[in-house]
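Undergrad: Below: one structure in structure tokens.
Quick note: the coordinates plus some simple rules give every number you see, no bench work behind them. This one's a predicted model, so the numbers in the text were calculated from it and none came from an experiment. Don't worry about glycine lacking a Cβ; one is built from the backbone with ideal geometry, like all the others, and counts go over all protein chains shown.
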Amino acid sequence: MKRAITILAILAVVAGTAMAGSSVGKRGPEPATLFAADVLTHNVGNCELSVTDKGSVGFDTSGAPQQGRGFRFPRNGANYIFYASFLAGTDTGYVVDKYYNVSGAPIADSHDWKFLTQLDSIVPPRYLQQEFQGSYSDSGHPTPKGLVFRQYSLAAAAAPYNNFVFVRLIARNTGSSPINGLIGAFIADYDVSTNGGTDIGSADTLRRAVYINGQNSRVGGVKLLDPTNPGGNTTLYDNTTYVYTQHDDTVRWKFMNNTLRFTDITTPQDMSLLVSTPTVDLAPGDSATYAVAFIGAADVANWQAGADTAQALYDRLFLTGVEMGEPLGIPGTFALGQARPNPASGSSLISFALERGGPASLKVYDLSGRLVSTLMNGSFPAGSHEVRFDGRGLPGGVYFYRLEAGNQSATRKLVLVR
């Protein structure tokens, strides 16, 4: 059923001297853009990933002619992704994507995402050795709501961070009406084995990740990095049942909202994966952050280790380790960082970022939901901040700290040990 992939154009990306001297976590001068394109490929590490300015990943379209390199591990190796896309939706009447739309034959791509700004390379990069940015909107959907995705993608050159690529999306409601119950998602038709016909896979709920094993000493998959609060879906599904004959917005929405979920597929076959986020309500002008890591490895154990490393690096770059008022590098960010240390025997530092100035609170609760500490409750400027939590007077156990600002909130877990 799959159409042959014919790569007619491969866009080279900036490497070498333009990226020299940058290191993980190093923030240089204000970056400039080097050039603009519809498709750019991260290729400085041990893997490659092409991103686009229209919501698709790997390639700009599922059929020939194509631009892009897909996802390759190791770099210059075989491609793992047949086609992939970011999605957003609230119900079956509003699912925005650039993926297969099957309502009978032939299979065709949706074109709901429309580019606003072409991709460009950020030079010098802010965080990792290779960074791209671009934006697109839902204006191609029959009933657009004014949703805009600002896309940032990042890749590192050095181990142990060079087996994955980050893609971070800032979803903003630019319309005049609320967008309630919004779910973000990423969907991908992976072919890790030759033609994808002998793949097996698993959804790792604990890691909020899905991987596909080609049984050829190669594993590829996706991990949800942000948001960190519970909810969403991590699932596999077989293409014969859910892609070739009925893959429309109704089916996509069932996977996005966790109505359909398959955690393991152990019978070798052609399959796809999906990760989705918890719901969020966006008032006009509000935004939400979504982030995933595309990871390659030689086996499942190394893939899982790579997923853990990716989350730790993401937290370090975007959610922790910032001083009061220091920008996170991406404007319009609402984020709650991991407490450090965690587990803790005494006090911990908690970092957070506010998208805009105004009232905000950070409170700590025990497992029963009882409020045990109010770390802050007042008016704060936009930007990044850090608060110390002193847990020495509390018994050991699991606690939750929650950040609230306007209609935005985030919750993380903290463990106290005695």
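Undergrad: Taking the mean number of other Cβ atoms within 10 Å as a proxy for protection, how do you rank 348-356, 71-79 from highest to lowest?
TA: Ranking the peptides 348-356, 71-79 by packing returns 348-356, 71-79.
Undergrad: For each pair in Lys223/Lys363; Lys145/Lys223; Lys98/Lys145; Lys145/Lys413, compute the distance between the two Cα atoms and list the pairs where it is over 22 Å.
TA: The answer is Lys223/Lys363; Lys145/Lys223; Lys145/Lys413.
Undergrad: From the Cα gyration tensor of the range 188-337, with a ≥ b ≥ c the square roots of its eigenvalues, which class applies: rounded if a/c is under 1.5, or else prolate if a/b is larger than b/c, or else oblate?
TA: Oblate, since a/c reaches 1.5 and b/c is not below a/b.
Undergrad: Note down the relative contact order for the range 335-416 as a percent, whole number, built from C-alpha pairs under 8 angstrom at least six residues apart.
TA: Averaging sequence separation for qualifying contacts and normalising by length gives 35 percent for the range 335-416.
Undergrad: Shifting gears a bit: How much net charge surrounds Ala360 when only the other residues with a Cβ under 15 Å from the Cβ of Ala360 are counted, with Lys and Arg +1 and Asp and Glu -1?
TA: My count for the surroundings of Ala360 gives -1.
Undergrad: Also, quick follow-up: Give me the net charge for the shell around Asn101: Cβ to Cβ below 13 angstrom, other residues only, Lys and Arg +1, Asp and Glu -1.
TA: Net charge around Asn101: -3.
Undergrad: Summing +1 for each Lys or Arg and -1 for each Asp or Glu, what net charge is found among the other residues whose Cβ lies under 12 Å from the Cβ of Leu169?
TA: Summing Lys/Arg as +1 and Asp/Glu as -1 gives +2.
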